[in-house]
Amino acid sequence: MQTHTALDIRPLEGCGALVQGLDVRAASDTEIDELRQAVFDRGVVFLEDQQLTPEDQIAFARRLAPIVVNRYFPKTERYPEIAKVEKGEAQITNIGGGWHTDHSYDQAPAMGSVLLAIETPPSGGDTLFADMYAAYEALSDGLKATLAGLRAHHASAHVFGEGGGYAMSDRPELSGHKDVPEAIHPVVIVHPGSGKKALYVNPAFTTGIVGWTREESRALLGYLYEHAVKPQFVRRFAWRPGSMAVWDNRCTWHNAMNDYHGHRRLMHRITLDGVPLGC
Ligand code: SIN
């Protein structure tokens, strides 16, 4: 029989929450449900000292949601469910450096990600997270009314396709893909797990507002992008081996800092499947 155990969830300034005292390998069903709801409500939760094998990480992720395999990132040798987010000592370009939310180019964008730090540089390599509930809430009623009913186009080819963003870098293997989906989503979504409104456009994958010119789109999106990363919506997380973040792609952005050249950073990422966001 499951007993009720309230997790120790401490909201953080800017974005997210810290969950203390939980070894996810031993989490009860109630704790998993509370954790999932905290991810929906706070956008991202951080846990420290999780000594997980790949099997443990996969088992934990599966308890949160079905797993979806990322198309573009290298996989760990034995576990296709786990993508390697890695930058070696000699590499210049990192993965995920720039504000984005994962898989917004999919018809049913990924619900979230479970990122586990395996090897971290002596300093640097933090990740920034931004709260798209708070960013939306802080807009004026006038702009909220303008955004209501707007839809945006999202694409992946300019990043991961032939000649995509990574092609000119020292990580060309991340570009050149043929499977480059596109999707249209509302600019403001109602989050299916929290019922709250969130801004759902992002600088990496949103390519324009449906029915607007390129210039008009650029003006509106440029304003929203500047607004969304104001310091009051952003949390910086510093990793050490065993740190883990579980984030919700529908209500946060993230940005991996690339400030540790000459050192290796290795993260294991599992992506959680999502649902269509409704148009
Ligand atoms: C990602 O964008 O999924 C990578 C985030 C990170 O490495 O901190």
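What's the exposure ranking of M168, M244, going from fewest to most Cβ atoms within 10 Å?
Values: M168 11, M244 22.
Ascending Cβ contact count within 10 Å gives the list M168, M244.
Straight-line reach from K196: which lysines have a Cα under 18 Å away, not including same-chain ones fewer than 8 places off? Cross-link targets: K144.
Taking the dipole about the Cα centre of the chain, with the C-beta of Lys and Arg at +1 and of Asp and Glu at -1, give me whichever of V44, W212, S140 is farthest to the positive side. Of the candidates, W212 comes out farthest on the positive side.
Couplings 3J(HN,Hα) for region 219-235, derived from phi with the Karplus relation 6.51 cos²θ - 1.76 cosθ + 1.60 (θ = phi - 60°), are 5, 5, 5, x, 5, 5, 5, 5, 4, 5, 10, 4, x, 5, 9, 10, 10 Hz, where x marks Gly and Pro. Of the trypsin sites (Lys or Arg not before Pro) in region 58-91, the ones in a loop by DSSP (not H, G, I, E or B) with at most 11 other beta carbons within 10 Å are R78. Each of G262, Y225, L277 was scored by the projection of its Cα onto the charge dipole of region 215-279, and the greatest displacement toward the positive side belongs to G262; charges sit on the C-beta of Lys, Arg, Asp and Glu. Over region 1-99, Cα pairs under 8 Å with separation of 6+ residues give a relative contact order of 19 percent.
Give me the dipole magnitude in Debye, nearest 20, for region 117-202 about the Cα centre, with unit charges on the beta carbon: positive for Lys and Arg, negative for Asp and Glu. Each step should come with its number before you reach the end.
On the way: 6 positive and 10 negative charges, 86 e Å.
With Lys and Arg at +1 and Asp and Glu at -1, about 420 debye.
Neighbours of G193, meaning other residues whose beta-carbon lies under 10 angstrom from its beta-carbon, give a summed charge of +1 when Lys and Arg score +1 and Asp and Glu score -1.
Please report the net charge: other residues with Cβ closer than 10 Å to the Cβ of Q50, K and R +1, D and E -1. Walk me through the intermediate numbers first.
Details: positive: R25; negative: D23, E48, D49, D56.
Computed value for this residue: -3.
Entry note, the chain: the mean residue ellipticity at 222 nm calculated from DSSP H runs of n ≥ 4, each adding -39500 (n - 2.57), is -6000 deg cm²/dmol after division by the residues and rounding to the nearest 500. Seen from V39, the other residues with C-beta closer than 12 Å to its C-beta sum to a net charge of -1, counting Lys and Arg as +1 and Asp and Glu as -1. Placing a label point 7 Å from the Cα of R71 along the Cα-to-Cβ line, the residues of region 182-220 whose backbone N sits under 11 Å from it are 182-183.
Applying a DSSP loop filter and a limit of 14 other Cβ atoms within 10 Å to the chymotrypsin sites (Phe, Trp or Tyr not before Pro) in region 138-217 leaves nothing. How would region 13-168 be classified by its alpha-carbon gyration tensor: rounded, prolate or oblate, with rounded meaning a/c under 1.5 and the a/b versus b/c comparison settling the rest? Note, shape of region 13-168 comes out oblate.
Bear in mind that the values in this text are calculations on the coordinates, not laboratory data. Computed from a prediction, not measured in an experiment: that's the story for all the values here. A quick note on method: Cβ atoms are made from the backbone with ideal geometry, for glycine too, and the neighbour counts reach across all protein chains shown.
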